Amino acid sequence: MPKTVLVAPAWPYANGPRHIGHVAGFAVPADVLARFERLRGSRVLMASGTDEHGTPITYEADKKGIPPREFADQNNALIVEDLRRLGMTYDIFTRTTTANHYRVTQDLFLKLHENGYLVKKTQMGAIDPVSGRTLPDRYIEGKCPICGFPDARGDQCDNCGNQLDPIDLINPHQRGSDAPVEFRETEHFFFDLPAFGDRLMEWIQKHDDWRPNVRKYSLEYVRNLKPRAITRDLDWGVPVPLPGWQDNPHKKIYVWFDAVIGYLSASIEWAVQRGEPDAWKDWWQNPESRHYYVMGKDNITFHTVLWPAILMGAGDLHLPDEIVASEYLNMGGRKLSTSRGQVIYVNDVLERYDPDALRYYLMVAGPENQDTDFTWAEFVRRNNDELVATWGNLVHRTLVNAHRNFGAVPEPQELTDADQALIKQVEDGLSSVASELSKARFQLALKVALALAAKVNVYLGTEQPWHTIKTDRGRAGTVLYVALRCVDNLKTMLTPFLPFSSQRLHEMLGYTDVIAPQPVVREFSEDGVVHRVLTGEYPIGDRWLPSELAPGHPLPQPQALFKRLDDVVDAEEELASL
């Protein structure tokens, strides 16, 4: 029976285009998992979207003199296009500003309220003493009381990563000026997070298969739980669905709460748009389903503590199974950051290079288990030495010689022990790669596949069918048959990582179906309002199987899979000129 798998990439914030550090964390690893699971016959739902509420949106919109919704619209369009071009096979990539998302968020808020997990408390809120206007957290800066960073924000310190309240800051002032801040009492709902402390601790400790960084951050966080504000003094967000609150234009549900609920709301929206409104339950109310959450490490506790506590409080909803959290992708030892101008945008890279080159680099040399430094020299080296010289070279000389001399998969003579051993070793690689991918160990999976490609290259170099064809056509055909079988199997292993080139190779091997489908942008209509989503039709079937490429199978004219990149200096100068 097919497995039921939810792949939940973290929701990118709609305050600007994405840089390569973002997609190294939430996007490419998630797509690799989704493509792999579909290839081995799982029913996959990959659901996410843009996170569009909160003060960073209002702050940037105010600077531009446009409404928050218009600002979010602009950035949603940019992000959707980047993800489409990268080949991210979302079943639904939607938004947190849909009516559906509002309904689901408010429903969960009410469930927690009815179950006694929301309590009202007063706290000190910030205002502008001149205008009397409420100042959301992101509009305030000051010195971090924990690490001393001078430009900490009212909600978080970018230097040490700790969550903050504006009143905690030393010498708080309005962002971008020295204008003062005044604090006055305001009433809010708080989520009783400590009520879930014991259950969360027990649940986290059971997951000894999680990455070390995930367990470490989660256990540290859950040992010191405090009630967390679930509403805020804002005018942009999901209304609070309670009498006396829902009509207050300055009280909204806090963005951290509505963003994590997006995984569920997106799943419900997907089901409704398919005309199967209860289909989401196959993933969310099915204890046999498996849920992968994919993110950068700055999002870990939202997915291992806060979101699970909400699910526990609501009841009967599936908890996360695997937390796939990457470390940081840096440049020059510093974290990639849009606000600090330390950034390489996805769009800029895709204007110059093929998406598979970027996908490959981020997966083989990215921050899977530790912070890593992006360099153009390493990007070019990986492309030229591994994609072009190892994998691309194997594909090229196998298909060129087979097509030129036979025009089809050759009929083999009796296979030698070495021939059979190589075929078996590569076929066994399917299980090895699958084992690594099922545990989200992407770099080990690639290491297995590339090592096998190198072995087949050595086999071809030893047998040299391009020379043997002159004296022993039968043996040359046998060697090329073995190589073609191996290439076909390696193509399957690499398809989750390299979907664009793998589809081209699939066709060069004479297949006429689609092994690596691509997403499309469509319009969804809800209550008469239209919004664009990234979606697609991704057929499933048990494709993670040894090659059955048969003798006599026609082979079309082959083409090079990858482009050799110019010297790194040229690459750096090209990107710097954008």
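So the values come out like this:
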item	result
Unmet requirement for N115, which otherwise passes all of (1) surrounded by fewer than 16 Cβ atoms within 10 Å (Cβ to Cβ); (2) farther than 23 Å from K226 by Cα; (3) modelled with pLDDT of 95 or more	(2)
Number of the condition not met by E411 [criteria: (1) open to solvent by less than 60 Å² (accessible area, probe 1.4 Å); (2) closer than 26 Å to P556 by Cα]	(1)
Odd one out for A314 among (1) farther than 22 Å from E81 by Cβ; (2) open to solvent by less than 30 Å² (accessible area, probe 1.4 Å); (3) at pLDDT 95 or above; (4) small (G, A, S)	(3)
Residue within segment 82-94 that is out of contact with any helix residue (DSSP H, G or I) (no Cβ under 7 Å at 6 or more places or on another chain), surrounded by fewer than 20 Cβ atoms within 10 Å (Cβ to Cβ) and at pLDDT 95 or above present	yes
Residue match in segment 237-245 (condition: in a loop (DSSP other than H, G, I, E, B), open to solvent by less than 10 Å² (accessible area, probe 1.4 Å) and under 20 Å from P9 (Cβ atoms))	no
Identity of the residue in segment 499-557, of a type in the set (K, R) and assigned to a strand (DSSP E or B), that ends up nearest to I423 (Cα to Cα)	R522
Tally of residues being surrounded by fewer than 17 Cβ atoms within 10 Å (Cβ to Cβ), touching an Asp or Glu at 6+ places or on another chain (Cβ under 7 Å) and closer than 13 Å to R138 by Cβ across segment 149-162	1
Filter result (open to solvent by less than 70 Å² (accessible area, probe 1.4 Å) and at pLDDT 90 or above) within segment 169-180	L169, P172, H173
Residue match in segment 50-66 (condition: buried (at least 23 other Cβ atoms within 10 Å of the Cβ), touching a strand residue (DSSP E or B) at 6+ places or on another chain (Cβ under 6 Å), free of Cβ contacts under 8 Å to residues at least 60 places away in the same chain and part of a helix (DSSP H, G or I))	no
A516 vs. criteria under 32 Å from the mean Cα position of the chain (by Cα), of a type in the set (G, A, S) and open to solvent by less than 20 Å² (accessible area, probe 1.4 Å)	yes
Given (1) outside any helix (DSSP H, G or I); (2) out of contact with any strand residue (DSSP E or B) (no Cβ under 6 Å at 6 or more places or on another chain), number of the condition D356 does not satisfy	(1)
Filter result for V214 (touching a Pro at 6+ places or on another chain (Cβ under 7 Å) and either in a strand (DSSP E or B) or in contact (Cβ under 8 Å) with a residue 40 or more places away in the chain (or both))	no
Segment 334-389 - residue that is of a type in the set (S, T, Y) and open to solvent by less than 30 Å² (accessible area, probe 1.4 Å) and, of those, farthest from the chain's Cα centre (by Cα)	Y353
Residues satisfying the stated conditions in segment 469-485, i.e. over 20 Å from M508 (Cα atoms), open to solvent by 30 Å² or more (accessible area, probe 1.4 Å) and either in a helix (DSSP H, G or I) or among the β-branched types (V, I, T) (or both)	I469, T471, R473, R475
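The values are calculated or read from the model by the stated rules, or taken from the named source; none is laboratory data. The structure presented is a predicted model; accordingly, all values stated were derived computationally and were not measured. In this analysis, Cβ positions are derived from the backbone assuming ideal geometry, glycine residues included, and neighbour counts consider all displayed protein chains. Keep in mind that these areas ignore ligands, DNA and RNA; they rest on the heavy atoms of the full protein, side chains included. Shrake-Rupley method; radii C 1.70, N 1.55, O 1.52, S 1.80 Å.
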